[in-house]
Amino acid sequence: MKIALHVPCYINELNPQIAKKTLLILRHFKLNVKVPINQTCCGQPFINSGIPTTLPLKFNEIFKNYDYIVSPSSSCVSIIRNQNLEVSNKTYELCEFLHDILKVKDIAKNYQKKIALHNSCHSLRHLLEGAPSELNIPYFNKIKKVLGGNIIEATRDECCGFGGIFSLKEGFISYVMGRNKLDDLLEKKPDVITGVDYSCLMHLDSIAKKDGDKIEIKHISEIIWECLNETL
Amino acid sequence: MKHYKLAIKFYKEKGPRHDKNLWNIRQKRDKAIKEIDKWEQLRTKASEIKEYVIEHLEELIEEFTKNAKKQGIEVYYAKTKQEHNEIILKLLKEKKAKKVVKSKSMLTEECDLNEFLKENKIEVIDTDLGERIVQLRGEKPSHIVLPAIHTTKEEVAKILNETNSDPTYLTHKMRKLLREEFLTSKAAITGANFLIADKGFAVVCTNEGNADLGVTLNKLHIISVGIDKLLPSIKDLGIFLRMLARNATGQKITTYTTIFGKPTNQKRVIILVDNGRIKRKKSEFKETLKCIRCSACLTTCPVFRRSGGHAYRYIIPGPIGSLLAPLVDKEEYKDLPFACTLCGSCEMVCPVKIPFSKQLINMRKYVTKNKIMKIAEKSIHSDKTFKLFSLILRLTPKPLLQKAFKEWSKYKKLPNIPQKRFISL
Ligand code: SF4
């Protein structure tokens, strides 16, 4: 099985540790993982800004010869999945890959900290990694299954207000939505807030930092790696 | 003023309460749709029927017109809103009507009928509670099913010159005032939720019964309706009636569902309004014609709940409004498709499965002509130029970055930028 790691450009710039942890996780499962170094951006920021782009085609060129492409970002994955490309159906978000392909679960069952999971919109409503409350379908959540143990979720499974370009155009409502999301999660007294999208987490973290909330916020790959590393 | 500014103003005054009220309705809706095991299949079916309607719109208009005429209903076709308003004026003048009662019509709002008739010295009384409240306040509805959701009971008391702000008391007072209007009007205007092509019927769903009262008391009944409201057959109606009220407010069905056909002792007129719909059918936004105006996409939208409907400035606000408004005036409403996080909630609640995520992105494209971003797109194809951007990002002093990202920095801390990248320089 030939696997490629997609390194989302914003993660490469702003939190490269996430890419490293994702790579370590995949290698932990004895997978043959390559990191194509000429990759840039999947095109998401342009698509979402209404700018015509051929970046997804470039993504396709770079990644089409792999069996699976794994990415620690559900928003990039859903951009790719929505195109009609060779790579569209073999590009997976990390937890989705762990759940659907590697069929692992309960990785963080014995994690010492109480985890709150932020179900990001791209993960929940675009990739259907869980059942969104809008639909009449039975409850499930792949990410919770992969983590295992007692995972807290927000009372409202609504958007945290990041929305990429939205956060730059509507700073105030973006802030209010993030504040509401933090309050919703913090009410349940978690030790750490996590999720599959660093973009949402970065947004929540920058609100927590500005408002002075004492809460640890980190990407799911870091928690998963901590757990795997411990059991080694 | 653009959406982001109006949103700040609204949120600071009324946001949290507005958000809470609408979220409660969303939850009622969730409960109601979960009572129907095959809800998701119903959505697929409804979506298919509506797709058929769009594809066969012209034929269905013809079929409907023929069948409605057979029922003794007069049918007009208005290409524009001006034509629509002129037809109504002519009909009212014939009846020497100086006052007309109106119920349940977003379409007449779309056509600015109230203003037009007022200029022509005809008084229009909106008879639905919420619509009457906004009419008395000199505003437009802020939500298509809950037009006065942005007001408080104290504000309603104030427009009625009352000190008692008990909602039941105020409703009774309004009822009494409106009774007078019903008894002195000369014509009734209603909208319609559905038009049944194979029968020539118009279906009106309401909770207060004002449409029915207005129609019963008047010699002239005018139905103003968009051609997108057509359904091929009476057999299709059940599907939509099951979905509409549940999805809108969490009711199983609206209190009144009236099927208007053959008129007795009165004249019934139906004005089929195009006003851009045929043109839209030929555009990349044709799927917006599937909308049945259930309002669920407004109610669920996390931005709408916090910004209020008036921040959208168009008569239909929220996600569906953000797809319709720029088609009416691209320059004026170009901010609307961006007043959205692309969270996809609207797409999930929509009973006719309008693909909002795709359409909103297409609408962003439609309103955007950003040259700088286009140049950036070109350069990012190469990992070398990307690295150059990355270097610039790291060399730019923080205060400058804060300035560049000022909407972010006003409310949030900028993240620290690590020295090293993963795929490195
Ligand atoms: S777009 Fe869909 S959800 Fe929104 S009002 Fe129309 S039918 Fe309802």
Those residues of the stretch B:292-311 that are more than 13 Å from the ligand (Cβ to nearest atom) and crowded, with 24+ Cβ neighbours inside 10 Å come to a total of 7
Within the stretch B:393-425, the residues that are outside any loop (DSSP other than H, G, I, E, B) and within 11 Å of chain A (Cβ to nearest Cβ) are B:Leu393, B:Arg394, B:Ala404, B:Lys406, B:Glu407, B:Trp408, B:Ser409
Go through B:Lys387, B:Lys378, B:Lys374 for me and flag whichever is open to solvent by 30 Å² or more (accessible area, probe 1.4 Å), charged (D, E, K, R), within 7 Å of another protein chain (Cβ to nearest Cβ) and more than 16 Å from the ligand (Cβ to nearest atom).
B:Lys374
Identity of the residue in the stretch A:14-29, in contact with an Asp or Glu (Cβ under 9 Å, 6 or more places away or on another chain) and buried (at least 22 other Cβ atoms within 10 Å of the Cβ), that ends up farthest from the other protein chains (Cβ to nearest Cβ)
A:Lys21
Flag for B:Ala46 being assigned by TED's automatic domain parsing to the domain that holds B:Ser142, within 24 Å of the chain's Cα centre (by Cα) and in a helix (DSSP H, G or I)
yes
Looking at (1) under 18 Å from B:Gly344 (Cβ atoms); (2) at pLDDT 95 or above, find the lone condition where A:His99 falls short.
(1)
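One line per residue, one yes/no per condition, for (1) open to solvent by less than 10 Å² (accessible area, probe 1.4 Å); (2) within 14 Å of chain A (Cβ to nearest Cβ):
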residue: B:Tyr4; (1), (2): no, yes
residue: B:Leu57; (1), (2): yes, no
residue: B:Ile61; (1), (2): no, no
residue: B:Asn67; (1), (2): no, no
Answer with yes or no whether B:Lys330 is within 13 Å of the ligand (Cβ to nearest atom), surrounded by fewer than 24 Cβ atoms within 10 Å (Cβ to Cβ), in a loop (DSSP other than H, G, I, E, B) and not aliphatic (A, V, I, L, M).
no
Looking at (1) touching a residue at least 40 places away in the same chain (Cβ under 8 Å); (2) surrounded by 21 or more Cβ atoms within 10 Å (Cβ to Cβ), can you tell me which one A:Asn110 breaks?
(2)
Check whether at least one residue in the stretch A:67-75 is assigned to a helix (DSSP H, G or I) and closer than 22 Å to A:Gly195 by Cα, and report yes or no.
yes
I'd like to verify a number: residues in the stretch B:251-280 that are within 16 Å of the ligand (Cβ to nearest atom) and assigned to a helix (DSSP H, G or I), how many?
2
Scan the stretch B:1-19 and report the pairs whose first residue is assigned to a loop (DSSP other than H, G, I, E, B) and whose second residue is modelled with pLDDT of 95 or more and of a type outside the set (A, V, I, L, M), with Cβ atoms within less than 7 Å and a gap of 6+ or a chain change.
B:Lys2/B:Asp335
Looking at A:Ile37, A:Ile11, A:Ile47, which is the one that is among the β-branched types (Val, Ile, Thr), more than 20 Å from A:Lys103 (Cβ to Cβ), open to solvent by 10 Å² or more (accessible area, probe 1.4 Å) and in a helix (DSSP H, G or I)?
A:Ile47
If we keep only residues of the stretch A:123-150 that are in contact (Cβ under 8 Å) with a residue 40 or more places away in the chain and in a loop (DSSP other than H, G, I, E, B), then the residue most open to solvent (accessible area, probe 1.4 Å) is A:Gly149
Could you list, in sequence order, all residues of the stretch B:338-371 that are within 16 Å of the ligand (Cβ to nearest atom), assigned to a loop (DSSP other than H, G, I, E, B) and either hydroxyl-bearing (Ser, Thr, Tyr) or within 8 Å of another protein chain (Cβ to nearest Cβ) (or both)?
B:Ala339, B:Cys340, B:Leu342, B:Cys343, B:Gly344
Can you name the condition, by its number, that B:Gly321 falls short on among (1) open to solvent by 10 Å² or more (accessible area, probe 1.4 Å); (2) assigned to a helix (DSSP H, G or I)?
(1)
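The values are calculated or read from the model by the stated rules, or taken from the named source; none is laboratory data. Not measured: the values here are computed from a predicted model. When we count neighbours, we look across all protein chains shown, and the Cβ atoms used for this are built from the backbone with ideal geometry, even at glycine. Each accessible area value is taken on the protein alone, full model and side chains, heavy atoms only, with ligands, DNA and RNA left out. Shrake-Rupley method; radii C 1.70, N 1.55, O 1.52, S 1.80 Å.
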